[in-house]
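What follows draws every value from the coordinates through simple rules; no lab data is involved. For clarity, every value in this text was computed on a predicted model and none was experimentally measured. Reconstructed Cβ throughout: ideal geometry from the backbone, glycine too, with neighbour counts over all protein chains shown.
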Amino acid sequence: MISKLLQHLFKHIDAFLMACLFFAMLISLFVLYSASGQSIERVYSQAINMLVALSVMWVVANISPQKLERVALLLYVVGVLLLIAVALFGSISHGARRWLNIGFTQIQPSELMRIAMPMMLAWYFSTREGKPNAVNFIIAGMLLMAPVALIMKQPDLGTALLIASSGFYVLFLAGLSWKFLVGALVSLMALMPAFWSMLHDYQRKRIEILFDPTQDPLGAGYHTIQAIIAIGSGGASGKGWLNGTQTQLDFLPERTTDFIFAVFSEEFGFLGNMLLLGLFSVIIIRGLMIASQAQSTFSRLLAGSITLNFFSYAFVNMGMVSGILPVVGVPLPLISYGGTSMVTLCLGFGILMSIHTHKNLVAN
Amino acid sequence: MGAELKNHLHEQYYFKLRLGFAGLAVFCLFSALAFRFSYLQIKQYNHYQTLAENNRISLVPIIPNRGLIVDKNGVVLAHNFFAYTLEITPAKVYNLEETITEIGKLVEISSVDRKRFKKFREQSHNFESIPIRTHLNEVEAAKFAVNHYRFPGVEIKSRLFRHYPLGKLGSHMVGYIGRINDKDLVNLEASGDLSNYKGSDHIGKSGLEQYYEKHLHGITGFQQVEIDADGHAVRVLSSNPPIPGNNIVLSADSKLQEIAETAFGERRGAMVAINPKTGEVLSYVSQPTFDPNLFVDGIDSENWKALNESLDKPLINRPLRGVYPPGSTFKPFVAMAGLEAGKREPPYSIHDPGFFTLPGSSHRYRDWKPSGHGSVDMQKAITISCDTFFYGLAMELGIENLAAFVRHFGFGRKSDFDIKGEIEGLLPTPEWKKRRFKQPWYPGETVIVGIGQGYTLVTPLQLAQATAILANNGVAMRPHLVSQIQNTQSGKNQIVAPFIQDKIELNPNNIAIVKQGMMDVTLPGGTAASVGANAGYAIAAKTGTAQVIGIKQNEKYNEHGIDERHRDHALFIAYAPAEDPKIALAVIVENGGHGGSAAGPIARKVMDYYLLGKLPATEPVKENKKSNGNTAATVPEEELHD
């Protein structure tokens, strides 16, 4: 009886994906305990974030893709309106206007856009069933660029690029022509020098430091240098949990959020990194599988985009912490401390699960 | 329907193709990350391991205890004590003024503290820790400690402070330490000692503190400490204890020093007493003195102004850097030069009419006694300080011969003394005058060198050393203040051995003549008879008076008619007991008037205590005028002049 109830309760939860998420979250809590200077409060707080996020996931998993498809446009419009509201009335912190005060709490509309963007584009292409033409792609491109431009203006370059890429994934999976892709890439590279020459010296300097932190070891480059030292000194098997000197002696900045990977890497070493990369790969493979088995254009494109977006976040974060990408404020998915990103992430996984578990119903 | 299904399958096929491509991209990019990790964590592991170690392990210097300075009887002249100090690192403080005001609400910060802080701030870098308050008591330290969190960049430190318990006594000898400045850093770097001063804030700035810096400082220890990014020590990994500095033991006696300084009273001047057989300096007086404790943590501007702008110039190390015309105290050495050159040997004598003239000139070089001394031989010339006798002798010797000879007695050159900053003085020669003034040497200038006037300049140390060399029959011992260096770690004492600098070949008969002349100075009939009265031991001495302002021909010098600071300097050299000298000294009382009456009694008090252990009977006379008035009434005319 109870098992039947549980079965019913979790019938839209993908057990494999769920297991992976649990494992990642477990890692998160352990790393967080070490990164926060062994603050159990921080761990509790993150555990609550996770519970909230998983609840959201459960709810979304129980909503059928068809229903999601119907709210896609609405979500997108609301998201864009909120972004405009941010630009007009948003509160400024750390020199950027990202938050909107809605009375009882503050929200960050760009987070909503992370989900709304792929949903909108997936919906758009699903309405143009069959082979989409060039006009469709141009319209999709405009739908993509409007919110991205607003977010870029905040300014939040990292989020803007990641949201742009989540939209781009839809375009790519929808069959954007290779000719266009190659052409765009070539023209972008051709425009680079012209763009570079337009910049002020200090702007160039800033970009140079982004790519070469050693140019400013005590300023902007400090974070990256300390993170690389942490990773490198972790060695093959790491210094052991709670034994990372860079971590425990406060040399690592932002070590519970954006730079948490350096903490993990220092304490668990190369083997730990491989394990984490493996875990992320498994999640991505599972997501791509769900996408490939999805039955409607909308769910296919959405599942693919969400999965690749998860990859983007993981790759950009690990890349910046290990010094091969410039530092942009992107958390490590599932591991970094923070409620909003955890909820958004699980919302995405909820959609994946919904797509996967509702396909038989559709077939029926 | 079929076409639609086909189309649908076609679309799915393309979608999977694209997915596969995306999967490949994911694989490639994750592989790139894996490659990056292997590069950092496997290939470059050692490199980053070292960097991490360097990050977390810091060498914290442990400052050694500075050696003590004690007198020959073990009386402490300089020692250390622990106290709290409140220090600010300006770079870490957002609003300096506000922070200081806020601290001021917890512990008292005087305007002097603020001024000193401001001075240091101008002199040091932004990231250096600068004291805002020193010598906090326990209550103040605790009060601040409780509120420490409110003041990032402000630290309370427990530090060793240097203290000079005897204060003003012998301060020119002991010297002081002060905060290390840029110039000190350059010097330390040049001498390769910079690493030993990691963590040290202070360095010897003057006197023995400066000269014996290497011995006193000790060797800095180090602690390997695990630190966090803010530089706070988390735990000690290993420790290498410091080696405390050596103690230095003086040949001077603080009691003797006190007697000598008290004897000077309010008067300006200098005195150096030397053991002629060893070169050990027994007393080293520069009056007025100052309190070296003012300098340890930076002197505030008011005290500095008071010291620096005082007409009495208390900061000048007079024995070493004060230059005076030797006056008649130069005569014994001129006499020695004459005798050794075969001139004026007994029974040669002159008739003194009260003046000397150069051939073919009417200019009169006057004797201090206008009526003249009558028949004068070498011994009597010294005893009564006959100017006419020495005018002629100098003329006959010639300036070059005279200068070359007396140079052996240490005039016109440095003595290699153990306080830095010694001045050479001046033994004028025609060559020097040509270089200095581009003028020829006139014979009259040689004449007055015979009585220690003219360009001739000596330091009190040189005068004392010359006296000691004479007392020691021409054997020059290196003068030095420190007799022992005690290694506090091993307990071993390194004795500063007497060092013979020079041996002047002198005819014993000639020595005997000069010495006898000097012995008679303190006997009835001599220019310092009162100094030798009832001494109980024989004193060989010579008085001197050095002109501060020129007196025109035919003008009479009237002591009471001119400003106190324009009066003559009083000089006095002596050694005793005359037959077996144990102490040789030179005393200069600036604007004191006559050597015998102003400087002589000081010498007598010093010798009495040193030779007999006798304490001075009466309080020193505080006022210059009174002293002259008193002595003038009781001493014979001979003593009022020389």
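Computed from the Cβ-Cβ distance with R0 of 22 Å, the FRET efficiency linking residue B:487 to residue B:239 stands at 0.50.
Counting every other Cβ atom within 10 Å of each residue's Cβ, A:8, B:172, B:47 order from fewest to most as A:8, B:47, B:172.
Ranking of A:57, A:117 by neighbouring Cβ atoms within 10 Å, starting from the fewest: A:57, A:117. Residues whose amide H falls under 5 Å from that of residue B:614, counting only those 5 or more places apart or on a different chain, are B:609, with hydrogens built in the peptide plane. Taking chain A as a Gaussian network of alpha-carbon nodes connected by springs under 10 Å, the highest mean-square fluctuation of the residues A:106, A:248, A:293 belongs to A:106. Kirkwood radius for the stretch B:255-640, taken over all pairs of different Cα atoms as the inverse mean of 1/r, rounds to 21.2 Å.
Beyond 27 Å between alpha-carbons counts as too far, so tell me which of B:115/B:143; B:115/B:214; B:168/B:515; B:305/B:420 fall in that bin. The pairs that break the limit, which is 27 Å between Cα atoms, are B:115/B:214; B:168/B:515.
Axis of helix B:2-38 versus longest Cα principal axis of chain B: the two differ by about 20°, to the nearest ten degrees.
Based on C-alpha pairs under 8 angstrom that are at least 6 apart in sequence, chain B has a relative contact order of 14 percent. Using a Förster distance of 22 angstrom, determine the FRET efficiency expected from the C-beta separation of residue B:168 and residue B:83, and round it to 0.05. Approximately 0.55, to the nearest 0.05. Give, as ranges by residue number, the residues of the stretch A:272-304 whose backbone N falls under 13 Å from the point 7 Å along Cα→Cβ of residue A:15. From the stretch A:272-304, the list is empty. Working from the Cα coordinates of the protein assembly as shown, the gyration tensor eigenvalues give, after taking √(5λ), semi-axes of 98, 27, 24 Å in decreasing order. For the stretch A:7-28 versus the stretch B:145-212, the inter-centroid distance based on Cα atoms is 66 Å. When A:261, A:315, A:10, B:82 are arranged by Cβ crowding within 10 Å, least crowded first, meaning fewest neighbours, the order is B:82, A:10, A:315, A:261.
Around the amide H of residue B:480, modelled in the peptide plane, lie the amide H atoms of B:280, B:281, all under 5 Å away and 5 or more residues distant in sequence or on another chain. Among the chymotrypsin sites (Phe, Trp or Tyr not before Pro) within the stretch B:89-139, those in coil by DSSP and having at most 13 neighbouring Cβ atoms inside 10 Å are B:94, B:127. Each part reduced to its alpha carbon centroid, the stretch A:122-175 and the stretch B:47-90 end up 65 Å apart.
Please build a GNM for chain A, connecting alpha carbons under 10 Å apart, and tell me which residue among A:90, A:287, A:234 fluctuates the most. Evaluated over chain A, the most mobile residue of the options is A:90. Using the average count of surrounding beta-carbon atoms within 10 Å as a protection proxy, the listed peptides B:95-103, B:516-524 rank, highest first, as B:516-524, B:95-103. Peptide packing: for B:382-393, A:134-145, B:32-43, the average count of neighbouring Cβ atoms within 10 Å per residue gives the ranking B:382-393, B:32-43, A:134-145, highest mean first.
Against the longest principal axis of chain B, how steep is helix B:254-264, in degrees 0 to 90 to the nearest 10, with axes from Cα atoms? Approximately 60 degrees, to the nearest 10.
Of the trypsin sites (Lys or Arg not before Pro) found in the stretch B:182-247, those in coil by DSSP whose Cβ has at most 15 other Cβ atoms within 10 Å are B:198. Distance between the modelled labels on residue A:292 and residue A:208, one decimal in nanometres: 4.7 nm (7 Å Cα→Cβ projection). With a 10 Å cut-off around each Cβ of A:163-173, the average count of Cβ atoms from other chains is 1. Label sites at residue B:34 and residue B:62, each approximated as a point 7 angstrom past Cα along Cα to Cβ, lie 5.1 nm apart.
Expressed as an acute angle from 0 to 90° and rounded to the nearest 10, what is the orientation of the C-alpha long axis of helix B:508-521 relative to the principal long axis of chain B? Tilt of helix B:508-521: around 80 degrees.
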